[in-house]
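Chemist: Mind having a look at this structure? Questions to follow.
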Amino acid sequence: MAIGGGIVCDISGFAASCFMRGIDFGFISTTLLSQVDASVGGKNGINFKGYKNMIGNFNLPQFVICDPEMLKSLKKEDLLCGMGEVVKHGIIADKSLFEFIEKNAALALQSDPKVLERFVYDSVVIKSGIVNKDAREKGERRKLNFGHTFGHAIEKVKQIPHGMAISIGMVVAAELSVSRNLLSRAEADRIKNVLKSLQLPTQIDIKAEEALNALKRDKKRDGDSIHFVLLKSIGEAVIEEITIKELEKIAYEVCVYPG
Ligand SMILES: NC(=O)c1ccc[n+]([C@@H]2O[C@H](COP(=O)([O-])OP(=O)(O)OC[C@H]3O[C@@H](n4cnc5c(N)ncnc54)[C@H](O)[C@@H]3O)[C@@H](O)[C@H]2O)c1
Ligand SMILES: [Zn+2]
């Protein structure tokens, strides 16, 4: 039984899955990020030689316990990181969750247990629904990477918490969706505003070239194009191929290195 955040769950799930070719395991998730994301979906793994999640497996726990009371002692930064993933779930799959976040951002920032309970409940339903359709990430599950392609590039350039990086990544993906005439300007602005209301960043002080170079090295890159999760509307994600060129203008808008 693993009691802790995403790191504890990832390592324990991996160890339990290997020991004697696999023993039963369960999680008591103690961070918002782990409750809404890391403990759902059966991915277990560890980093190796500087590469994230290089060694791992797919194996589901027997149980996961998520108690919002546990989250009262979390540092604000850890709470915000989890909220980034909750916003992502609303954006890609559930407009009513997104609207709930819009209305309750201030209470969420005060760790209101009723608000956090809905965040956790809806996130688990959304993520497990997607994972059940595509456990091995061949199609539908890729939608959970919304905001993560550019977000991971940012994390490679500057050490900022994951939830902060994907917040900026989500702004990039929303702007790209607008530039492809998929998403309305008004909905892209709502996304930016909800992130701001949760005190999540929508810009970062790094050089756009550095983020773009990191992206070019990304393993998901396929020739000159990359698979990117875009939006048709809030609540409906699509996966399309985009070129690095298309990203450039938007990268310069979100990467605001002084001078
Ligand atoms: N397996 C997956 O599908 C998946 C998905 C998303 C993220 N992850 C992984 O999860 C990890 C991030 O998870 P995380 O944000 O939970 O990080 P974490 O496990 O490092 O926890 C964050 C911090 O919170 C502390 N903490 C834990 N519970 C607390 C509590 N109740 N009160 C106060 N402090 C507490 C921890 O000691 C730690 O300092 C990353 O390694 C990421 O790769 C895995
Ligand atoms: Zn994430």
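The values are calculated or read from the model by the stated rules, or taken from the named source; none is laboratory data. Predicted, not measured: the structure shown is a model, and the values here were computed from it. Methodologically, a virtual Cβ is constructed for each residue, glycine included, from the backbone with ideal geometry; neighbour enumeration extends over all protein chains shown.
Chemist: Select from the stretch 15-51 the residues that are in a helix (DSSP H, G or I) and either closer than 24 Å to Asp134 by Cβ or touching a Gly at 6+ places or on another chain (Cβ under 8 Å) (or both) and list them in ascending order.
Modeler: Ala16, Ser17, Leu32, Leu33, Ser34, Gln35, Val36, Asp37, Ala38
Chemist: Checking the conditions here, which among Phe25, Phe58, Phe48 is within 11 Å of ligand 1 (Cβ to nearest atom), surrounded by fewer than 22 Cβ atoms within 10 Å (Cβ to Cβ), outside the structural domain of Leu231 (by TED's automatic domain parsing) and of a type in the set (Phe, Trp, Tyr)?
Modeler: Phe58
Chemist: Do any residues in the stretch 154-175 that are within 10 Å of Ile204 (Cα to Cα) and in the same structural domain as Ile234 (by TED's automatic domain parsing) have Cβ atoms under 6 Å from those of residues that are within 14 Å of ligand 1 (Cβ to nearest atom) and assigned to a helix (DSSP H, G or I), where the two are at least six apart or on different chains, and which pairs are they?
Modeler: From residues that are within 10 Å of Ile204 (Cα to Cα) and in the same structural domain as Ile234 (by TED's automatic domain parsing), the pairs are Ile154/Ala165; Ala165/Gly151; Ala165/Glu155.
Chemist: Does Glu209 satisfy being in a strand (DSSP E or B), surrounded by fewer than 20 Cβ atoms within 10 Å (Cβ to Cβ) and free of Cβ contacts under 8 Å to residues at least 40 places away in the same chain?
Modeler: no
Chemist: Give the residue, chosen from Val87, Val36, Val40, that is within 8 Å of ligand 1 (Cβ to nearest atom), touching a residue at least 60 places away in the same chain (Cβ under 8 Å) and surrounded by 19 or more Cβ atoms within 10 Å (Cβ to Cβ).
Modeler: Within the list Val87, Val36, Val40, the selection yields Val40.
Chemist: Condition first: in a helix (DSSP H, G or I) and acidic (Asp, Glu). Can you find one or more residues in the stretch 239-251 that meet it?
Modeler: yes
Chemist: So which residues in the stretch 7-21 are surrounded by fewer than 21 Cβ atoms within 10 Å (Cβ to Cβ) and either farther than 20 Å from Phe48 by Cβ or touching a helix residue (DSSP H, G or I) at 6+ places or on another chain (Cβ under 6 Å) (or both)?
Modeler: Met20, Arg21
Chemist: How do the helices (runs of 4 or more DSSP H) wholly within the stretch 87-158 filter down when requiring 3 or more residues that are of a type in the set (Gly, Ala, Ser): which remain?
Modeler: It comes to 95-109, 113-133.
Chemist: Looking only at the stretch 219-232, which residues are surrounded by fewer than 17 Cβ atoms within 10 Å (Cβ to Cβ) and either at pLDDT below 95 or assigned by TED's automatic domain parsing to the domain that holds Leu109 (or both)?
Modeler: Lys219, Lys220, Arg221, Asp222, Gly223, Asp224, Ser225, His227
Chemist: Hey, any hits in the stretch 189-203 for a residue that's touching a Cys at 6+ places or on another chain (Cβ under 8 Å) and surrounded by fewer than 21 Cβ atoms within 10 Å (Cβ to Cβ)?
Modeler: Yes, the stretch 189-203 contains a residue that is touching a Cys at 6+ places or on another chain (Cβ under 8 Å) and surrounded by fewer than 21 Cβ atoms within 10 Å (Cβ to Cβ).
Chemist: So, of the residues in the stretch 1-14 that are more than 6 Å from ligand 1 (Cβ to nearest atom) and part of a helix (DSSP H, G or I), which turns out to be farthest from Glu69 (Cα to Cα)?
Modeler: Filtering the stretch 1-14 for residues that are more than 6 Å from ligand 1 (Cβ to nearest atom) and part of a helix (DSSP H, G or I), the one farthest from Glu69 (Cα to Cα) comes out as Phe14.
Chemist: Filter the stretch 22-55 for residues that are farther than 29 Å from Glu117 by Cα and modelled with pLDDT of 95 or more; which is farthest from ligand 2 (Cβ to nearest atom)?
Modeler: If we take residues in the stretch 22-55 being farther than 29 Å from Glu117 by Cα and modelled with pLDDT of 95 or more, then Ile23 is farthest from ligand 2 (Cβ to nearest atom).
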